[in-house]
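Take a look at the structure set out below.
None of the figures in this text is laboratory data; all of them are computed from the coordinates on show. In this text, all values refer to a predicted model and were calculated from it rather than measured experimentally. Here Cβ is always computed from backbone atoms with ideal geometry, including for glycine, and neighbour counts include all displayed protein chains.
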Amino acid sequence: MPIELKEYDPGPFFDEMMVSKNRARPLAKELISLFRKMNNGELATRQDAADLAIKEMGITFTVYNENEGMIDRNWPFDIVPRIIDKKEWDGIEAGLTQRVRALNLFINDLYHEQKIIKDGVFPAEVLAESKNFRPQCLGVKPPQGVWAHICGSDLVRDADGTMYVLEDNLRVPSGVSYMLENRLVTKRVFPELFESYAPLPVGDYPTQLYEMLAALSPRKIKRPTVAVLTPGIYNSAYFEHAYLAMEMGAELVEGRDLFVEKDDCVYMRTVSGPQRVDVIYRRIDDEFIDPEVFREDSALGVPGLMRAWKAGNVGLANAPGAGVADDKVVYAFVPDIIRYYLSEEPGIPNVPTYRCMFAEERDYVLAHLDELVIKPANESGGYGMLIGPRSTKAERKRFAALIKRNPRNYIGQPTLGISTVPTVVGHSLEPRHVDLRPFILSGRDVSVTTGGLTRVALRKGSLVVNSSQGGGSKDTWIVDTEN
Amino acid sequence: MLSRVAENIYWLARYVERAENTARLVRVNSHLVLDTPRGIEPGWEPLVDITGLREQFVSVEREPNERNIVRFLIGDSSNPGSILSSLAAARENCRTVREILPRLSWERLNELYLFAKENIQSGLTKGGRDNFLDGIIVGSQGITGLLGSVMYRDEAWHFARLGRNLERADMTTRIIDVRSTDLFPDDLLESRSLDTLQWISVLRSLNGYQAYRRQVAIRVSRADVLTFLFHDASFPRSFMHCLDAVDECVWGLDNSGPATRGIRAFKRKLLKINVGEMNQASLHEFIDELQIDIGRLHSHLAETFFPPPAQLDETA
């Protein structure tokens, strides 16, 4: 039995591949016609082949399970790629570049003159209440004035087809390794489509990352020692830490492997004795990186690391304190931040955001809890949210109290009709909601991954794409239709 | 190479080797017991001392009978030296060094661990024991063979080989000790054919029977077997072979001077001793002494290559 798309119904949402039941978008025509030629057994066979490849390649993420403790799960992957036209992508790329440039100028300003506050564009009270602002970083001048070297911004497409930035992750964004591995798996599963579509390659990310990191080296030597600092094997993104270290030929270190000497330089303990470390790509949150400065109880960090960084003896990416812009209230100000520093209009719009710190906006939020999504300022992974249209009365009551108790900590956004992509469900294809996380590297130049990680909510109707909560992922193709 | 990574690889190799040799230890004792004439109560309890785990055993088991001791040695997860615990520890060590070791080694080790976990009940039955032990031995050898055939000969390899050979040297002495311990009443030992059978069992349990027959003698004598197992550097499970391998591994590392001198002294000491002439009691003592020497060698290597943080900070 061939695969039928007559039943495929994206409903009120924008579907990335289908205009309507049985009618593919021009970009997806070939992909869809390949599916039409397959029988439904073959679809499942190809999905099985992908799952097997993921198992063989050891692509995992770590989750906590009450019965089994920490376990490695195979990365849930859907074989149907998500295709984006290069013409559209060029605009997104420019918009992201603009956004991250502005964010870095903003962070640098906050740790120096705070002109944006003095000029009345950004309220001092938002900064005062910011959980991720680090006074310890005031006055520090990181190389190139860059604080957020690696940024992962989440994009979503609304029902009318508009792409929005949903949030910026400036602390330790993860997922890029899955973007790279997804491409390898897709090459195995749909080799025939690569010939006609020729999706733009994504594989140069580790090289770009390495070059960006190496340029942070305080010692101008040919092969600076670059290390990826991981919290260890029980971290959910450990696979990615190990993967990136391996791809870059960098050392994968834990806090206990490093120490700071009296000369304020960082060394790692090797079997040949101490070896100087020039650049650290840290995948540990600020609070844990240096027990001398931040949390004293941190066993993950390196005592003295901040000292070494401030003395300019080690490069740190992302710079401590960069997370100040990784705040959902700060997010609401990003369009103003772009205008302020670059005198440009934002290339990609923000999702309309109500800031509960302002009485007028708060009143609106409280009156519309059943329509809005309420997010705390500093949570990630989809935790601590209220999805209004699906909430119970009790939940709304609880959130109203939370908001009133600490208005600065909450924002409200309209529920977007997040776009869908055909996804393998058993023997057929059904629409599932997706987002997109491109990764932006900032050094001397800014570069954006070609596409990014498309995350998909595998449960029917679900909008939660996080892998810790039943999300999976897809390969993302940027396709040049003009050449 | 990071000290932590080197240490993990070293222990990973030791634990896999320990699991394999614990299986050999239980197997040789089972076979010795099967060869015992009717009416004699064969001993299992000495294994508890041979593995150096008496304190642990007393804390978890009451009766030192066959079933309890076998369970303690192969499947007791509260005994850190059991096969199951060794494989679990090897697996934990492997998790942190997956990016350094060949990809397949993680899969194989995982499979072996799951095999042990899932088949433990059948391994505890008399009928299923041999199959279980064989599975452990073959699985461990598969991992050792995999590393040997695909690993780049860098520091990671040296530490893996180092750990494996140090553990093997130690466990070979323990397996020999099974026979040297007072398993049977003295008058029984005077029965020559029983004695021969038992030494054949020891050789077999170390996969050394064929080599011994070809290289040493058709007749199996206690003195020749002991010389073979301690001194014949061409037999890969002999004590001398293991020391040679340890020597080679350490030699290739930085800062290896003092450790190498210690290993060479150890070898000279071993060469001076004629193990064949020792009676049971002095053999047993000698083996104890060797095990202490191995422990010292380990401490020395650990201090040199994987110093604990505080210590390194002082000397750096």
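Annotations for the structure displayed:
- Coarse-grained scattering of region A:261-406 at q = 0.08, 0.16 Å⁻¹, given as base-10 log I(q)/I(0) from a Debye sum over alpha-carbon atoms: -0.39, -0.95
- Pairwise FRET efficiency - B:SER193 versus A:ASN466, Cβ, R0 = 51 Å, nearest 0.05: 0.10
- Globularity index of chain B, i.e. its alpha-carbon radius of gyration over 2.2 N^0.38 Å: 0.99
- Region A:66-164 - percent relative contact order, Cα under 8 Å, separation 6 or more: 25 percent
- Ranked by how many other beta carbons lie within 10 Å on average, peptides A:163-175, A:450-462 from highest: A:163-175, A:450-462
- For chain A, the longest principal axis of the Cα atoms and the long axis of helix A:393-405 meet at an angle of about 20 degrees.
- Exposure proxy ranking for B:ASP49, A:ASP475, A:ASP285, B:ASP154, based on other Cβ atoms within 10 angstrom of each Cβ and starting from the fewest, stands as B:ASP154, B:ASP49, A:ASP285, A:ASP475.
- Quotient of Cα Rg and 2.2 N^0.38 Å for region B:209-316, N being how many residues it contains: 1.30
- Order of A:TRP309, B:TRP251, A:TRP147, B:TRP157 under a 10 Å beta carbon neighbour criterion, fewest first: B:TRP251, B:TRP157, A:TRP309, A:TRP147
- Long-range HN-HN contacts of A:ASP15 with modeled amide H, under 5 Å: A:THR420
- Between 0 and 90 degrees, the angle of helix A:176-189 with respect to the longest Cα principal axis of chain A falls at about 30 degrees.
- Along its first, second and third principal axes, ordered by size, region B:45-112 spans 44, 18, 17 Å in Cα coordinates.
- Working note: Cα atoms of region B:56-203, range along each principal axis, descending, whole Å: 56, 30, 27.
- Rounded to 5, percent antiparallel among DSSP beta bridges of region A:264-399: 65 percent
- Binned Cα-Cα distances of the protein assembly as shown, short to long, each 10 Å bin given as a whole percent: 2, 12, 19, 20, 16, 13, 10, 6, 2, 0, 0
- Counting only whole DSSP H helices of chain B, the ones at least 30 Å long by C-alpha along their axis and with mean Kyte-Doolittle hydropathy no lower than -0.5 are B:3-34, B:126-150, B:280-305.
- Listed pairs A:LYS6/A:LYS87; A:LYS131/A:LYS375; A:LYS393/A:LYS460; A:LYS55/A:LYS328; A:LYS131/A:LYS404 exceeding 25 Å between Cα atoms: A:LYS6/A:LYS87; A:LYS55/A:LYS328
- Relative contact order of chain A, defined on C-alpha pairs under 8 angstrom at six or more residues apart (%): 23 percent
- Distance in nm between pseudo-label sites at A:GLU4 and B:VAL60 (7 Å out along the Cβ direction from Cα): 5.9 nm
- Antiparallel %, DSSP beta bridges [both residues in the protein assembly as shown], to 5: 75 percent
- Considering all different alpha carbon pairs of region A:354-414, the Kirkwood hydrodynamic radius works out to 11.1 Å.
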